[in-house]
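Have a look at the structure below before the remarks.
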Amino acid sequence: MDMEAIGANPQKPEYLLSSDELDRRKREVSEINVETFREVAGKAPKQALGKDDFLQLLMKQLAYQDPMAPMEDKEFIAQMAQFSSLEQMTAMSEGFARLGQDFGRIADVISGTEAASALGKQVELVDGEQVVQGVVRAVTRGANPQVMVNGTYYDWDQVSVVFE
């Protein structure tokens with residue numbers, strides 16, 4: 001190799017970057033990659049890996065492993081266990097979300113049932129700063145039931161006392 005082509009110092013050729021320059025180049029490349037991804041995919045890159053990402057990484061790792069030094073069984077089993085745990089946690093998270101929705105529906109049904117059971121009974125409710133008493137003549141259904149007292153509909157949440 002010609003010494004003049006790589007510079008006067010044979011220990012550090014001119015084409016090598018300093019650590020600051022290397023860091024700056026990495027940041028530039030990263031910014032370009034993010035912008036390119038946004039343009040191509042139309043969305044921002046993910047900050048967390050999901051189960052599909054994990055499985056793709058595992059498959060790539062298996063496909064490109066060194067045939068002379070293949071991945072050990074222990075490593076493979078550990079990664080499969082991690083994948084299984086991730087899948088179970090995802091399923092639990094989805095189950096908890098559905099359970100929360102179900103509890104919300106149950107609360108709505110209970111609230112509607114309570115309001116309906118007050119039909120024909122004397123109630124006391126708070127409307128702003130005044131207390132209203134009267135007999136419940138009608139009840140609406142839905143997530144936020146209302147009761148008609150003295151010709152006016154009030155939210156069931158405003159009822160503080162139901163008399164026999």
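The values are calculated or read from the model by the stated rules, or taken from the named source; none is laboratory data. Owing to the predicted nature of the structure, the values given are computational and were not obtained by experimental measurement. For neighbour counting, all protein chains shown are included, and Cβ atoms are generated from backbone atoms with ideal geometry for every residue, glycine included.
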For region 117-148, how many residues meet the condition of being farther than 23 Å from A107 by Cα, among the hydrophobic types (A, V, I, L, M, F, W, C) and in contact with a Gly (Cβ under 9 Å, 6 or more places away or on another chain)? 1
Are any residues in region 5-59 under 29 Å from M80 (Cα atoms), loosely packed, with under 11 Cβ neighbours inside 10 Å, of a type outside the set (D, E, K, R) and at pLDDT below 70, and if so, which ones? A44, P45, Q47, A48
When region 154-164 is examined, which residues are found to be exposed (fewer than 13 other Cβ atoms within 10 Å of the Cβ) and part of a strand (DSSP E or B)? S160, V161
